[in-house]
1. If we count every other residue with Cβ under 13 angstrom of Tyr327's Cβ, Lys/Arg +1 and Asp/Glu -1, where does the sum land?
2. When you count, for each residue, the other Cβ atoms within 10 Å and take the mean per peptide, how do 98-104, 228-234, 115-121, 171-177 rank with the highest first?
3. For a label point 7 angstrom out from the Cα of Leu366 toward its Cβ, which stretches of segment 176-220 have the backbone nitrogen within less than 13 Å?
4. So between Ile163 and Val275, what do we pick up on full extension, going 0.36 nm a residue minus the alpha carbon distance?
5. Once you charge only the Cβ atoms, +1 for Lys and Arg and -1 for Asp and Glu, what is the size of the charge dipole of segment 19-152 about its Cα centre, to the nearest 20 debye?
6. With the dipole of segment 172-387 worked out from charges on the C-beta (+1 for Lys and Arg, -1 for Asp and Glu) around the Cα centre, which of Leu291, Met178, Ser313 lies farthest toward the positive end?
7. Once the other residues with Cβ under 15 Å from the Cβ of Ala197 are scored (Lys, Arg +1; Asp, Glu -1), what is the net sum?
8. Would you work out which of Thr365, Gly141, Tyr24 lies farthest towards the positive end of the dipole of the chain? Charges go on Cβ: Lys and Arg +1, Asp and Glu -1.
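No lab work stands behind these numbers, since they all come straight from the coordinates. Just so you know, these numbers come straight off a predicted model, no measurement behind them. Note that we place each Cβ from the backbone using ideal geometry, even for glycine, and neighbour counts take in every protein chain shown.
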Amino acid sequence: MASALETLCGQAYGAGQYKKLGTYTYAAIISLLLVCFPISILWIYIDKLLILLGQDPLISAEARKFSVWLIPTLFPYASLQLIIRYLLSQSLILPMLWSSVAVLLIHVPICWTLVFKLGFGTAGAALAIGISYTFNVIFLGIYLYHSESCERTRVTFSGEIFISIKEFIQFAIPSAVMICLEWWSYEIVVLLSGLLANPQLETSVLSICLIVGALHYYIPYSFGAAASTRVSNELGAGNPQAAKTAILSALALGVVEVIIAITVLFCSRSVLGYVFGNEKELVDYVKDITLLLCFTLFADAIQAILSGVSRGSGWQHIGAYINLGSYYLIGIPMALVLGFLLNLKGKGLWSGLIIGSIVQCVLLTLVTCSTNWEKQATKARERVFVG
């Protein structure tokens, strides 16, 4: 939902309507903090839901333990995501960088202490995440309050904020649907792996694939975020040609990066499993599935950048339809066929996701190439200057 600010704040900043950035951000904070409460309730009863879906009771109990301790993280995380979008739309990158570095230096010893020294295990990991996000919000909050760079976009709380909530929700819901449909498809496949023979091994390996994919995803996602910022700023300023140039630049960087990442990953496939455990069966399985993981990284790099373009342009609703079709009409059904009917197990499940990702990349590319950017620039300025 926070991604809606990439459209609203980015285009407002490009159009020179600086006060709207603060108004949109306040409206988003109110909206997202309210959303955190129903999510908290869901997490409290997550073990019952997982068991209902046929998952292993021991895994479900551990998931609930982690989720309950993660609930306090929701609220600072929601605020942090909005502050990031607020700063990103103004190209204020360095404050976020230094804040993240400081938080990482704090997070590692805190996490180690809670997990191992105090023996809290997964609960300690969840608690450490919450503490780190809170520190990040505090650091960036201090910067927002004192920095001259944010003076033009800083506003006082007023009734206009409640009016902006409706506009935020109009973009937030399709943004959430677009992103969640993709992320949930990977989670669904991990859940499906729990229905295979030897669920501990299958869920472990696919969870490792998910972790490796997610760790790499933040690199092309950063290119997508940069593309989102430049595209939204240029559309708000009425410069469609500059928006197209930004898209091509982001894609070029993404392709170079993902080729390097795939090469490193494939060359280290024999030792990758040891990062997560010493069991030979696990290590061998991770080695065998690494090639499929390389395909995932490439598809994720392209779609992460093009998804950023969609957020900056304001056509998240189109992205939502693309993700729905790619993953839920093609990807997951193919995963079921390959994993269960053809008995390819975890490799088959992950292959279905790769097929969905490829379809998603093709459709996003077609939409981006066929977009009338002059028309998008006109729509962006009409939206910003309405009233």
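1. -3
2. Details: 98-104: 15.4, 228-234: 27.6, 115-121: 13.1, 171-177: 20.9.
Output ranking for 98-104, 228-234, 115-121, 171-177: 228-234, 171-177, 98-104, 115-121.
3. No residue qualifies, since no backbone N sits under 13 Å from the label point.
4. Values: separation 112, 0.36 × 112 = 40.32 nm, distance 4.97 nm.
Contour length minus Cα-Cα distance gives 35.4 nm.
5. On the way: 8 positive and 5 negative charges, 40 e Å.
So the dipole magnitude of segment 19-152 works out to roughly 200 debye.
6. Ser313
7. Numbers: positive: Lys345, Lys347; negative: Asp56, Glu202, Glu281.
Residues near Ala197 contribute -1 overall.
8. Tyr24
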